[in-house]
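Written out below as C-alpha cells is the structure these notes cover.
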Amino acid sequence: MRSTFKVLFYVNGSKEKNGIVPIMGRVTINGSVAQFSCKQTVAKELWDAKGNRAKGKGKEARDINLALDSIDRMLSSYKVRVRARNHLAAFIKKCHKRSDISMLELTPDFIKEYEIYLSTDAGLHNGSVWSNCMWLKTIVTKAHYNGLTPRNPFAQYRVNQNIKEREYLTEDEIKAVMTHEFADRKLAYIRDLFVFASFTALSFVDIKELATDDIVEVNGEKWILSKRHKTKVPFQVKLLDIPLQIIKRYERFQENGLVFPNLNYWSICKPLKQMIKECGITKEISFHSARHGFATLALSKGMPIESVSRILGHTNITTTQKYAKITTEKIDKDLTMFGNQLNQSFNEISIAM
C-alpha cells in the first residue's frame, strides 16, 4: 500500500474572539489524523479557506504565511525522513531477513549494499539514492560522536551524488506545449502558468505572489518590477506578448490584488507531469525547469549573460551559469561570428613558409 501524507491549515471558527480566529494544522498519514495549533491567529476575513493561507500581501498576511510555510517545510522534512527510515527497514528485512540490526554489526559493506538496493529494488534515481545514503551516514556518525558506537563504519565511505543535469524544454517543445489542446481545463491552466514562467523566468513562489501592483508601465510597455521571494534581490522583466496574453486570459479571476490567486505548489506538481506527458514529451520536467529553459533560450538567442542574470534575480553570474546550459547551436553561432570577424581581420595575412 502506498504511503500518504497530507498537511492542511484551517481556522477554528468556534474559538473566534472579536473577529480573530486561531490557525490550526491537520496532518493525515495513511488515514490517521493529528491536529495541532500553529500558534498563529488571523482576522477571519483575511483567511482564504481554499488556499489555506492568509489573503493579500499586507504585513500581517506575509508574516502569517511565512510562519505557515516554515511549519510546512518542517513537516515535509519529517515526511522525507520517514520515507528514508522505511527504505532502510525494507532493505534490512529483504537482505538481512530481520526487522532491525544493531549499529555494532554495521560494516562498510552494509551501506554499499544499501546503495545498490536503493537504485535497483527501490528504483530510486541518483539524487534520491544519495540523499537516503547520506541520511543513514549522518545518523551513524552522530551515534559515534555521542559514544553510542565505538567506531564509525561509514567514515571512509563516499556516496557518489552523480545527479543528472536538470532537464528543460527546447524551443520546439515549448511550442508543442503552447499549441496542444487540453480537454482538461486544469491542465490547460497549469500549461499557461508554465509557459508564463518560461517567458518571464519567474519561480513558482514569485508567480504565486505576483501582484497587480507589481506590473507597471515603462515607456508605454508593461514590466514586472519586484523582488525575488528567495533572495529578496530586485528584478525586472519586460512582459512580452505571450505572458501578456496569459494575464489577460485570467484577468477576470484575479482577487486580493494577485494576478494568479490561490496557487498551491503541491497541487500542481503531479498534474504538471501529466500535462508534459500529454504533449508527447518524455523528459522529467518540474516547474523550476521553466527558469532553466528561459535562461538557455535567452543565451541561445544572443542575450548577454549579465542581462539573463539580472532577469533571474541572481546575486552573481556564477549562479546563472549553473542554470543556463549553452547549447551546441549557440556555440556554433558564436564561433561562426567569431570566424567571420577573424577572416576580415586576417584576410590579407599569409602564414610564412
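The values are calculated or read from the model by the stated rules, or taken from the named source; none is laboratory data. What you are looking at is a predicted structure, and each value in this text was computed from that prediction instead of being measured. Cβ atoms come from the backbone with ideal geometry, glycine included; neighbour counts cover every protein chain shown.
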If we keep just the residues of the stretch 140-187 that are modelled with pLDDT of 90 or more and among the charged types (D, E, K, R), which is farthest from Glu284 (Cα to Cα)?
Lys142
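Please go through the stretch 8-27 and pick out each residue that is under 15 Å from Met74 (Cα atoms) and not basic (Lys, Arg).
Once the filter is applied, which keeps residues that are under 15 Å from Met74 (Cα atoms) and not basic (Lys, Arg), the stretch 8-27 yields Leu8, Phe9, Gly25, Val27.
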From the list Lys79, Lys137, Lys142, Lys93, exactly one residue is under 30 Å from Val27 (Cα atoms), surrounded by 15 or more Cβ atoms within 10 Å (Cβ to Cβ) and free of Cβ contacts under 8 Å to residues at least 40 places away in the same chain. Which is it?
Lys137
Does Leu68 satisfy the condition of being farther than 24 Å from Gln156 by Cβ and aliphatic (A, V, I, L, M)?
yes
Among the residues of the stretch 1-40, which ones are among the polar types (S, T, N, Q) and loosely packed, with under 15 Cβ neighbours inside 10 Å?
Ser3, Thr4, Asn12, Ser14, Asn18, Thr28, Asn30, Ser32, Gln35, Ser37
Residues that are of a type in the set (A, V, I, L, M, F, W, C) and under 18 Å from Thr296 (Cα atoms), drawn from the stretch 184-203
Phe194, Val195, Phe196, Ala197, Phe199, Ala201, Leu202
Just to be sure I understand the filter: pairs with C-beta atoms under 8 Å, separated by 6 or more residues or on different chains, first member in the stretch 259-284 and more than 22 Å from Thr179 (Cβ to Cβ), second member part of a helix (DSSP H, G or I) and modelled with pLDDT of 95 or more. Which pairs pass?
Val259/Ile247; Leu263/Leu193
Would you pick out the residues in the stretch 234-258 that are part of a loop (DSSP other than H, G, I, E, B) and touching a helix residue (DSSP H, G or I) at 6+ places or on another chain (Cβ under 6 Å)?
Leu240, Gly257
Filtered residue count, the stretch 46-77, keeping only those that are part of a loop (DSSP other than H, G, I, E, B) and either touching a Phe, Trp or Tyr at 6+ places or on another chain (Cβ under 6 Å) or on the phi > 0 side of the Ramachandran plot (or both)
2
Which numbered condition trips up Asp241, out of (1) among the charged types (D, E, K, R); (2) touching a residue at least 24 places away in the same chain (Cβ under 8 Å); (3) farther than 23 Å from Glu167 by Cα?
(2)
For the stretch 224-233, does any single residue satisfy the condition of being under 21 Å from the mean Cα position of the chain (by Cα) and on the phi > 0 side of the Ramachandran plot?
yes
Show the residue pairs meeting these rules: Cβ distance below 8 Å; 6+ apart or different chains; first residue within the stretch 175-200 and under 14 Å from Val259 (Cα atoms); second residue of a type in the set (D, E, K, R) and in a helix (DSSP H, G or I).
Asp192/Arg249; Ala197/Arg291
Enumeration of residues in the stretch 42-99 that are touching an Asp or Glu at 6+ places or on another chain (Cβ under 8 Å) and hydroxyl-bearing (Ser, Thr, Tyr)
none
Given the conditions (1) of a type in the set (Val, Ile, Thr); (2) without any contact (Cβ under 8 Å) to a residue 60 or more places away in the chain; (3) in contact with a His (Cβ under 8 Å, 6 or more places away or on another chain), which single one is not true for Val205?
(2)
Hey, Asp206 hits all of (1) farther than 23 Å from Tyr168 by Cβ; (2) at pLDDT 90 or above; (3) of a type in the set (D, E, K, R) but one; which does it fall short on?
(1)
Every residue in the stretch 206-220 that is aliphatic (A, V, I, L, M) and surrounded by 15 or more Cβ atoms within 10 Å (Cβ to Cβ), please.
Ile207, Leu210, Ala211, Ile215
In the stretch 152-233, which helices (runs of 4 or more DSSP H) lie fully inside it and hold 1 or more residues that are among the hydroxyl-bearing types (Ser, Thr, Tyr)?
171-179, 185-200
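Give the number of residues within the stretch 117-149 that are in a helix (DSSP H, G or I) and under 20 Å from Val82 (Cα atoms).
21
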Could you check Gly257 against (1) of a type in the set (Gly, Ala, Ser); (2) out of contact with any Gly (no Cβ under 8 Å at 6 or more places or on another chain); (3) surrounded by fewer than 18 Cβ atoms within 10 Å (Cβ to Cβ) and say which number it fails?
(2)
Count, please, the residues in the stretch 204-229 that happen to be touching a helix residue (DSSP H, G or I) at 6+ places or on another chain (Cβ under 7 Å) and either over 21 Å from Phe253 (Cβ atoms) or among the aromatic types (Phe, Trp, Tyr) (or both).
3
